[in-house]
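Below is one structure, written out as structure tokens; comments come after it.
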Amino acid sequence: MLVSACLLGRRCRYDGRDKLTPQLGVVLEGRAVIPVCPEELGGLGTPRPACQLQGGDGAAVLDGNASVIDVDGKDRRAEFVKGAEAALAEAIAGGATEAILKDHSPSCGVRRVYRDGALLPGEGVLTALLRRHGISVHDENVTKLPSRRRLKP
């Protein structure tokens, strides 16, 4: 299970804080967890300037049709794509088939992201990439995951 590291208490958000979500402990019980921060994996430090998507959501960024712009006006698309690719590589290496990511994030947004100055429906860059590779993505409000298949002896 790939999980946004900030949800597990790691201080890796753009503002240097975490988004610890204690209820995930129950959801993740008995599962191997791979914590990731795609923005750090892409080379952005913590803290870092806040970013938002511009011109489309994460899928459009991956397709080269949208950008990721920080508050200083710098295009961070390359770092976001690099980080998403690194997180995907960790998911594949760890055998992850599901992910729990931080909604609203330009990287990890599952249902809504900050785009063009507003919180809008859409997905982040990492979410789009994971879904393209068949990995199921849930947001931090998930309360139950599908049962894992058990192999018969």
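Derivation of every value follows stated rules applied to the coordinates shown; laboratory data play no part. Computed from a prediction, not measured in an experiment: that's the story for all the values here. Don't worry about glycine lacking a Cβ; one is built from the backbone with ideal geometry, like all the others, and counts go over all protein chains shown.
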Ranked V142, V137, V113, criterion: other C-beta atoms within 10 Å, fewest first: V142, V137, V113
Residues T97, T127, T143, T21 arranged by fewest to most Cβ contacts within 10 Å: T143, T97, T21, T127
Simple Cβ-charge dipole of region 2-139, Lys/Arg +1 and Asp/Glu -1, about Cα centre, in debye nearest 20: 180
J(HN,Hα) series, region 22-38, from Karplus relation 6.51 cos²θ - 1.76 cosθ + 1.60, nearest Hz, glycine and proline x: x, 4, 5, x, 5, 5, 8, 3, x, 10, 6, 10, 10, x, 9, 10, x
Sequence-distant residues sharing a close amide H with V137 (under 5 Å, placed H): A99
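Compute the relative contact order of region 2-139 as a whole-number percentage, counting only Cα pairs closer than 8 Å that sit 6 or more residues apart in sequence.
Reported as a whole number, the value is 23 percent.
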Nonlocal amide H pairs with C37, under 5 Å, H built at 1.01 Å: A5
Centre separation in Å (Cα based) which lies between region 81-135 and region 2-35: 14
Label assignment, log10 I(q)/I(0) by the Debye sum over Cα atoms at q = 0.09, 0.15 Å⁻¹ derived from the structure, set [x] -0.28, -0.79; [y] -0.46, -0.81; [z] -0.26, -0.70: [z]
Solitary cysteines of the chain, where the nearest other Cys Cβ is not under 4.7 Å: C6, C51, C108
Gain on full stretching of the segment that runs from A50 to E29 - 0.36 nm per residue minus C-alpha separation: 4.4 nm
